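Engineer: Got a structure here, written out as structure tokens. Questions coming.
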Amino acid sequence: MDPSIPKLLTVGLLAARLSVSKRRVQHLLRTRPHIQPAAVAGHTRVFSHLTLAQLRYEINLQDARRGSAQTERGTAPCKKTAIAAARRSRNRVSSSVSVFANSQSSVLHDS
């Protein structure tokens, strides 16, 4: 495949990479006007890797707000919810590291 062709992500791929539901990604895209598709392929919106980072930030922000709101009310999240949040966080970090590592290895091979 030609390296000059950008690899764009659909809503489903964004959700999979962020370890969240497709519905949550769709909601964030609807409610955040600053997050725009990179292109449209037919009727499908496709997004760049910058969008992935923007969504990761928004999800972390939401999770932090939910955690602090629950603490203020005196209700902690159930154990199942806390475990799921920890797994999502761990997956986000590992996917970011692998994306960074892949970008660095391509830079090294191109030099």
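Only the coordinates and a few stated rules stand behind these numbers; no lab work does. Note that the structure is a prediction, hence the values are computed from the model and not measured. For neighbour counting, all protein chains shown are included, and Cβ atoms are generated from backbone atoms with ideal geometry for every residue, glycine included.
Engineer: Go through segment 8-52 and give me each residue that's in contact (Cβ under 8 Å) with a residue 40 or more places away in the chain and either more than 15 Å from the chain's Cα centre (by Cα) or at positive phi (or both).
Structural biologist: The answer is Ser19, and nothing else.
Engineer: Continuing with this model, one more query. Scan segment 1-18 residue by residue and report those that are assigned to a helix (DSSP H, G or I), under 12 Å from Thr51 (Cα atoms) and not charged (D, E, K, R).
Structural biologist: Val11, Leu13, Leu14, Ala15, Leu18
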